[in-house]
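J.: Let me give you the structure first, and then I'll get to my questions.
What follows draws every value from the coordinates through simple rules; no lab data is involved. Every value quoted in this text rests on a predicted model; they were computed, and no experiment measured them. Because the Cβ atoms are built from the backbone with ideal geometry, glycine has one as well, and the counts that use them run over all protein chains shown.
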Amino acid sequence: AFTVVGRKDPDDMGLDDIAPLVAEMRTSFETGVSRPYAKRMEQLHALRRGLIEGKEKLLAALHSDLGRPRFEANMYDYAIPLKEIEHMISHLREWMRPESGGFSLLTFPSEDTVYHEPYGLALVLGTWNYPAMLTIVPMAGAIAAGNTVVLKPSNVSPATAQFMADLCRDYLDPRVVSCIGTGIKGDRHTIQGLIQHKFDYIFFTGGVSVGRQVAEAAAKHLTPTTLELGGKNPVFVAADADLDLAAKRTVWGRMMNAGQQCIAPDYVLCEEAVVPQ
């Protein structure tokens, strides 16, 4: 286990604790603690172990938050993150290896080499409808790339947010990952408090309105972002389609995760010939 003297428990943090936490995590990155291959692997293995050992707690949290059946919870919010972490572990050394950039007349007779460097301090803002998968996977990716991470799970899924806070506290080095837990009520206020500060990369999953606020705040610092937002999802049914199969697939896509996903079908467009059917 790792400890940071003076660091508050995630559940006890308030908005006033955000600024010193961000400064502390930036200083951690500048020390180089998150960059070595050995450290990245240590943290990925620890995250994998925490996920495996906490499986039953996670599935119970998902049922409490979303009423999600065990099979669906196991597939999306447990198995997918676990396999992603294992994929990173298997390929990390290869990904970190410098690549030849070939030759260029601009730099002749020298040879170009591409080195893969971490961004620095990453902010991961999770969402409530897939509260483990869409939080753990980007966090693991940031760790694998050698960044330090400030993690904010969604309080709309409080039991899973608590699981994430416990996972980070019990298994990960707080100099590499710091989780803001359920102590600060309200996702929107917390996100607004976080994005006032400079991060080197922001990964946000959520709605368009908050995504726009994240993009505007990031633009002030030229911070690169990944914004995984909602949208409209039509189903197109052609005249020669198997209508029974099309209906089954449309209903399945609409009802999976109780319809709470960004790719759930919103409406159907079909050729006039099949409308009566």
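J.: Set Lys and Arg Cβ to +1 and Asp and Glu Cβ to -1, take the dipole of the chain about its Cα centre, and tell me which of TRP128, GLY181, ALA217 lies farthest positive.
T.: My answer, from the dipole projection, is GLY181.
J.: Once amide H atoms are built 1.01 Å from N in the peptide plane, which residues 5 or more positions from ARG68, or in another chain, come under 5 Å H to H?
T.: HIS63
J.: Just going by the charge dipole of region 22-122, with Lys and Arg at +1 and Asp and Glu at -1 on Cβ, which of PHE108, PRO81, PHE71 is farthest out on the positive end?
T.: Projecting each Cα onto the dipole axis, the largest value belongs to PHE71.
J.: I would also like to ask the following. Using alpha carbons only, how many degrees (0 to 90, rounded to 10) separate the axis of helix 80-96 from the longest principal axis of the chain?
T.: 40 degrees
J.: Could you list which residues have their amide H under 5 Å from that of VAL268, counting only those 5 or more apart in sequence or on another chain, with H placed in the peptide plane?
T.: VAL235
J.: When a footprinting reagent is the concern and you count Cβ atoms within 10 Å, what order do ARG169, ARG35 take, fewest first?
T.: Numbers: ARG169 21, ARG35 16.
Going from least to most buried by this count: ARG35, ARG169.
J.: Let me ask something additional. Angle between the Cα long axis of helix 243-255 and the longest principal axis of the chain, 0 to 90 degrees, nearest 10?
T.: 40 degrees
J.: Same structure again: Quick one: of the DSSP bridges fully inside the chain, what percent are antiparallel, nearest 5?
T.: Working: 3 of 24 bridges.
Here the share of antiparallel DSSP bridges comes out near 10 percent.
J.: Now for a different question. Roughly speaking, what is the stretch gain from LEU106 to GLN261, that is 0.36 nm per residue apart minus the C-alpha to C-alpha distance, in nm to one decimal?
T.: Taking LEU106 through GLN261 to full extension adds about 51.0 nm, to one decimal.
J.: Rounded, prolate or oblate: which fits region 4-106, taking a ≥ b ≥ c as square roots of the Cα gyration tensor eigenvalues, rounded meaning a/c under 1.5, else prolate when a/b beats b/c?
T.: Values: a/c = 2.47, a/b = 1.26, b/c = 1.96.
Cα axes put region 4-106 in the oblate bin.
J.: Separate question: Would you mind telling me which residue in PRO69, PRO131, PRO174 has the biggest mean-square fluctuation in a Gaussian network model of the chain, where springs connect alpha carbons within a distance under 10 angstrom?
T.: Taking springs between Cα atoms under 10 Å, the residue moving most is PRO69.
J.: Let me ask something else about it. How high is the relative contact order of the chain, given as a whole-number percent (alpha carbon pairs under 8 Å, six or more residues apart)?
T.: 21 percent
J.: Restricting to DSSP H runs of at least four residues, report the calculated mean residue ellipticity at 222 nm for the chain, -39500 (n - 2.57) per run over all residues, nearest 500 deg cm²/dmol.
T.: Helix-only estimate at 222 nm: -14000 deg cm²/dmol.
J.: A further question follows. On a 0 to 90 degree scale, rounded to 10, what angle separates helix 37-53 from the longest Cα axis of the chain?
T.: That helix lies at roughly 40 degrees to the long axis.
J.: Right, here's the next one. Only sites in a loop by DSSP and with at most 11 other Cβ atoms within 10 Å count here; which chymotrypsin sites (Phe, Trp or Tyr not before Pro) in region 169-253 make the cut?
T.: none
J.: Running a GNM on the chain with Cα contacts under 10 Å, which residue among ARG40, ARG48, ARG249 ends up with the highest mean-square fluctuation?
T.: Maximum among the listed residues: ARG249.
J.: Between the alpha-carbon centers of region 77-149 and region 34-65, tell me the distance in whole angstrom.
T.: Answer, in whole Å: 17.
J.: Related question: Would you kindly enumerate the cysteines in the chain that have no other Cys beta-carbon under 4.7 Å from their beta-carbon?
T.: CYS262, CYS270
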